[in-house]
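Report on one structure; see the data block that follows.
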Amino acid sequence: MRTTLRQRQAAQTRETLLDAAARVFARRGYSEATIDDVAEEAGASKGAVYHHFATKQKLFRALLAHRVAGLDPLRELAEGALSLEALIDGLVGLWFDRVRDRPEAVVLSLESRLQALREPAAANLLNSYYGQLRATHDELLRKAARRFHLAQPSPHTALIVFSLLDGACQQAALDPRLLDDENFKGALAHAVASALRPEPMPG
C-alpha cells in the first residue's frame, strides 16, 4: 500500500520527535524532562509534540516501543550466520554498534531503570520493554541451538546473555576504548558462548 506525502512527512516528524526525546530524557532524566524540552530539541512546536503524543508518559512509552521495533537485525542474525562463533560475534557487534552510534541509548537505559525504581507505573512499562528484549534474545538463541545442534537453552539463558551484553555496553560507554579492544570483545564472546554451551558440573 502506497503512502501519501503527508503520511511520510508525519512519520518523519514522529521519528525526529522520538530521537529528540531520547536525547532529552538521557540528558535531563524522565522526571525533569518536559514536552517543551523535547519540542525545542527537535526544532518543532509544542503542538506538534502533542499531536503525536498526548502526554509525556505516552511519549516515553512510544520511545521504548520504537527501540523494540529496531530489533530486526538481531532477529536476522540466526538466519545469516554460518557458525555459532559468527553469530556470537555478530551479536556482540550489534550491541557495541549501538553504543558507538547512539551513546545516549545507554544513558537512557540507566535513567529509565532509575525511574522504574521510583515509580511503580514506570516499572510496569519498563518490565514490558525489557521482557520483549529478552524474548527476542531467547528466540535468537533457540534458533541458533537448533541450527548448530546445541541443547536448547534454559529459560534463564537469554537473561544471562542479555545481562552480560548489557553490562559490557555500560562499561564501554564509560570507557569507549573498549569498543575497539579485541581482547575485551573476545572475552565477552567467550562468556556468551559459555552460557550457550555450559560445561558439565564436576562430580
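Within region 26-41, does at least one residue satisfy the condition of being exposed (fewer than 13 other Cβ atoms within 10 Å of the Cβ) and either over 22 Å from Glu104 (Cβ atoms) or aromatic (Phe, Trp, Tyr) (or both)?
No, region 26-41 contains no residue that is exposed (fewer than 13 other Cβ atoms within 10 Å of the Cβ) and either over 22 Å from Glu104 (Cβ atoms) or aromatic (Phe, Trp, Tyr) (or both).
Go through Ala39, Ala11 for me and flag whichever is outside the structural domain of Arg98 (by TED's automatic domain parsing), assigned to a helix (DSSP H, G or I) and either closer than 24 Å to Glu119 by Cβ or hydroxyl-bearing (Ser, Thr, Tyr) (or both). Even if it seems obvious, please write down each step before you answer.
Values: Ala11 fails: either closer than 24 Å to Glu119 by Cβ or hydroxyl-bearing (Ser, Thr, Tyr) (or both).
Result: Ala39 is the single residue among Ala39, Ala11 that is outside the structural domain of Arg98 (by TED's automatic domain parsing), assigned to a helix (DSSP H, G or I) and either closer than 24 Å to Glu119 by Cβ or hydroxyl-bearing (Ser, Thr, Tyr) (or both).
Checking the condition β-branched (Val, Ile, Thr), out of contact with any Pro (no Cβ under 9 Å at 6 or more places or on another chain) and at pLDDT below 90, which residue from Val38, Val92, Val106 passes? I'd like the intermediate steps shown before the answer.
Working: Val38 fails: at pLDDT below 90; Val92 fails: at pLDDT below 90.
That would be Val106, the only listed residue that is β-branched (Val, Ile, Thr), out of contact with any Pro (no Cβ under 9 Å at 6 or more places or on another chain) and at pLDDT below 90.
Being of a type in the set (Ser, Thr, Tyr) and part of a helix (DSSP H, G or I) is the filter here; which residues of region 14-34 pass it?
Thr16
Cβ-Cβ below 7 Å, separation at least six or inter-chain, first residue in region 122-145 and within 20 Å of Leu77 (Cβ to Cβ), second at pLDDT 85 or above and outside any helix (DSSP H, G or I): which pairs?
Short answer, once both residue conditions are applied: Leu141/Pro153; Arg142/Gln152; Arg142/Pro153; Ala145/Ala151; Ala145/Gln152; Ala145/Pro153.
Tell me, which helices (runs of 4 or more DSSP H) lie completely within region 48-132 with 1 or more residues that are out of contact with any Phe, Trp or Tyr (no Cβ under 7 Å at 6 or more places or on another chain) and within 21 Å of Asp36 (Cα to Cα)? Can you show your working first?
On the way: elements: 56-69, 72-80, 84-101, 104-118.
Helices (runs of 4 or more DSSP H) meeting the threshold: 56-69, 104-118.
Among the listed residues Ala172, Ala191, Ala158, Ala151, which satisfies the condition of being exposed (fewer than 12 other Cβ atoms within 10 Å of the Cβ) and within 22 Å of Thr136 (Cβ to Cβ)? Walk me through it before giving the result.
Details: Ala172 fails: exposed (fewer than 12 other Cβ atoms within 10 Å of the Cβ); Ala191 fails: exposed (fewer than 12 other Cβ atoms within 10 Å of the Cβ); Ala158 fails: exposed (fewer than 12 other Cβ atoms within 10 Å of the Cβ).
Just one listed residue meets the conditions, Ala151.
Please go through region 56-102 and pick out each residue that is over 15 Å from Leu140 (Cα atoms) and of a type in the set (Asp, Glu).
Correct list: Asp97, Asp101.
Six or more apart or on different chains, Cβ under 8 Å: which pairs go from a residue in region 157-182 that's closer than 10 Å to Ala195 by Cβ to one that's β-branched (Val, Ile, Thr) and part of a helix (DSSP H, G or I)? Could you list them?
Val161/Val192; Leu164/Val192
In region 85-93, is there at least one residue being outside the structural domain of Gln152 (by TED's automatic domain parsing), of a type in the set (Asp, Glu), surrounded by fewer than 19 Cβ atoms within 10 Å (Cβ to Cβ) and under 30 Å from Leu188 (Cβ atoms)? Break it down stepwise before answering.
Going through region 85-93, the residues outside the structural domain of Gln152 (by TED's automatic domain parsing) turn out to be none.
Checked region 85-93: no residue is outside the structural domain of Gln152 (by TED's automatic domain parsing), of a type in the set (Asp, Glu), surrounded by fewer than 19 Cβ atoms within 10 Å (Cβ to Cβ) and under 30 Å from Leu188 (Cβ atoms).
Let's see how each residue does on (1) out of contact with any helix residue (DSSP H, G or I) (no Cβ under 6 Å at 6 or more places or on another chain); (2) closer than 30 Å to Ala21 by Cα:
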residue	(1), (2)
Gly93	yes, yes
Asp101	yes, yes
Arg113	yes, yes
Glu119	yes, yes
Glu139	yes, yes
Ile160	no, yes
Asp180	yes, yes
Ala193	no, no
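Might you let me know whether region 58-75 holds any residue that is aromatic (Phe, Trp, Tyr), touching a residue at least 40 places away in the same chain (Cβ under 8 Å) and surrounded by 14 or more Cβ atoms within 10 Å (Cβ to Cβ)?
Restricting attention to region 58-75, the residues satisfying the condition of being aromatic (Phe, Trp, Tyr) are 60.
After this cut, where a residue has to be touching a residue at least 40 places away in the same chain (Cβ under 8 Å) as well, the list is 60.
Add one more test, that the residue is surrounded by 14 or more Cβ atoms within 10 Å (Cβ to Cβ), and what stays is 60.
Yes; the residues of region 58-75 include at least one that is aromatic (Phe, Trp, Tyr), touching a residue at least 40 places away in the same chain (Cβ under 8 Å) and surrounded by 14 or more Cβ atoms within 10 Å (Cβ to Cβ).
The values are calculated or read from the model by the stated rules, or taken from the named source; none is laboratory data. Quantities reported herein were computed from a predicted structural model and do not represent experimental measurements. Glycine also receives a Cβ, built like all others from the backbone with ideal geometry; neighbour counts cover every protein chain displayed.
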